[in-house]
Amino acid sequence: MRVARDVGIATATAVGAPAADPPDAGPSVLRDCADAEAYVASVCFKIGPPRLVGVELEWLLHQPSAPEVPPDPAVLVTALGPHTPTTLDPSSSALPLPAGSAVTVEPGGQIELASPPLPDLGGLLQTVRADADALHHLLAGQGLQPQLRATDPVRPAVRILDVPRYRAMEQAFDRLGPHGRSAMCSTAAVQVCVDAGEQGDVAERWAAVHAFGPVLLAAFANSPLLHGRPTGWKSSRWACWQRADPSRTVPPRISDVETEDPATAWAQRVLSSPLLLVRREGAWEVPSGVTFADWVNGALPAPPTTADLDYHVSTLFPPVRPHGHLEVRYVDAQPGRRWALPVAVIAALLSDSVVTGKAREACEPVEGRWTEAARLGLADQPLAQAAATLFELACDRLTALGAPRWVADDLADMTERQVLRGLCPADTAVEVFADRLIGDLAPDFADNSTRKPAPPEGETS
């Protein structure tokens, strides 16, 4: 949920779009929706060579001796030391981890690692592995370990981070039901960040990362349990976020994915989306039913600025969020070191136009099957067929991308043992995963293929 500016990638100004305000000019007041849309298009789709890749990793934490107890903020501060984010300790120096990754904490105490953007996949994966190892070593010193699932299987949603943003988000989500608190406090994801690309390639890359979405959501679904019970979803994380506030979380319309002008389509969605919160001195406001366009047109006493618009974008949580670069948000957190696999797959599928074309063609029969992907995983046969093609394409590209041997081996293993069998991590008994933080997983994967599946009408709590 954190704004991804720490792993921002592209730096060039969008071609044909107005330049952003110079750094010393301060935010500009917005009084016209056309100006606001042009601003969004200019800052959310940065044009340039697709060189860099970054990743944000989230982990739910627990104490094995007391899994029902939420993380204690004081214990997190002790564990993280000089790497503690200022949201936990305003006096902290908030130093990056040894290889350069930043540490933040999410509302329910989830720990997040945000890598620096790097020009080669191999370097990124080795950097993140080193920093993840260092981070989990610090946490283990205080008895904290990562959950192997992407939703909290035991605890109710409890917010431990008391900052204005999350207080306001909780208030806004509570108007719509309980799912927002679960999404904020009880879920974890792998978020892959890639450059938007050159002017002539942006629309293709935008369409591609959405086309891959249902397939990779299904293949990496890893959250069948939430708050103490099976939910009937292979990705309960996805279900939580979709129900938290659909106006800001649902996938875009097909026409907005396949458009030749994704920047304009995205800008229109941004302005038509309701405000989640408005930052004010003292208590932050949580308006109801006011879109950003309404604000520009005078619905609130003071007009918005470009800074307000930047912040509004950070409160939208679609499957792919353009934030200068493209922030791919649809993958569940993975067990052990298998966080590297969705990063490798997405980077590989985007690394060559021929490969991207073949992958998109394989995904055409499952276009828009987001709900089936989250409910059924690869038990959905069309999604399983598409996943087999995507994973095989990705496996074939890893050597050329300089991926470490352990990543290539893990991807080949997942392809053989799960993807080609129509299984996803949610179908694998959690007990078979090696209880270690970053190292090898158990060589064999017991599956639940003979177990009675959860009823499709099951709902998240």
Dipole magnitude of the chain, debye to nearest 20 (Cβ charges: Lys/Arg +1, Asp/Glu -1, about Cα centre): 760
If unit charges are put on Cβ atoms (+1 for Lys and Arg, -1 for Asp and Glu) and the dipole of the chain is taken about its Cα centre, the option from 98, 186, 324 lying farthest towards the positive end turns out to be 186
Ordering of 299-309, 118-128, 278-288 by packing [mean C-beta count within 10 Å, highest first]: 118-128, 299-309, 278-288
What nm distance separates the two modelled labels at residue 258 and residue 65, each placed 7 Å from Cα along Cα→Cβ? 5.8
Return the long-range amide H neighbours of residue 109 (sequence gap of 5 or more, or a different chain), with a cut-off of under 5 Å between placed amide H atoms. 160, 161
Per-residue ³J(HN,Hα) for the range 94-104, Karplus 6.51 cos²θ - 1.76 cosθ + 1.60, θ = phi - 60°, Hz, x for Gly and Pro: 6, 5, x, 5, x, 8, x, 7, 8, 10, 9
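222 nm [θ] for the chain, helices only, -39500 (n - 2.57) per DSSP H run of 4+, per residue, to 500? Please report the intermediate quantities before stating the final value.
Working: 17 runs with 176 residues, N = 461.
After summing the helix terms and dividing by residue count, I get -11500 deg cm²/dmol.
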Based on the mean of other beta carbon atoms within 10 Å per residue, what is the order of 175-183, 94-102, most packed first? 175-183, 94-102
Once amide H atoms are built 1.01 Å from N in the peptide plane, which residues 5 or more positions from residue 424, or in another chain, come under 5 Å H to H? 378
List, in order, the whole-Hz ³J(HN,Hα) value for each residue of the range 314-324 obtained from phi through the Karplus relation with A = 6.51, B = -1.76, C = 1.60 and θ = phi - 60°; use x for Gly and Pro. 5, 9, 9, 10, x, x, 10, 10, x, 9, x
Quick one: accessible area per residue over the chain, 1.4 Å probe, rounded to a whole number of Å²? 38
Take residue 154 and residue 130, extend 7 Å from each Cα along the Cα→Cβ direction, and tell me the distance between the two endpoints in nm. 3.4
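What is the gain in length, in nm to one decimal, between residue 137 and residue 283 on full extension, counting 0.36 nm per residue of separation less the C-alpha to C-alpha distance? The partial results should precede the final answer.
Numbers: separation 146, 0.36 × 146 = 52.56 nm, distance 3.75 nm.
That pair, residue 137 and residue 283, stretches by 48.8 nm at full extension.
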Hz values of 3J(HN,Hα) by residue in the range 273-288 - Karplus curve (6.51, -1.76, 1.60), Gly and Pro given as x: 7, x, 5, 7, 7, 10, 6, 9, 4, x, 7, 7, 8, 10, x, 10
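The values are calculated or read from the model by the stated rules, or taken from the named source; none is laboratory data. The model shown is predicted, which means the values in this text are computed figures rather than measured ones. Methodologically, a virtual Cβ is constructed for each residue, glycine included, from the backbone with ideal geometry; neighbour enumeration extends over all protein chains shown. Ligands, DNA and RNA are stripped out before the accessible areas are found, and what is left, the full protein with its side chains, is counted by its heavy atoms. Shrake-Rupley method; radii C 1.70, N 1.55, O 1.52, S 1.80 Å.
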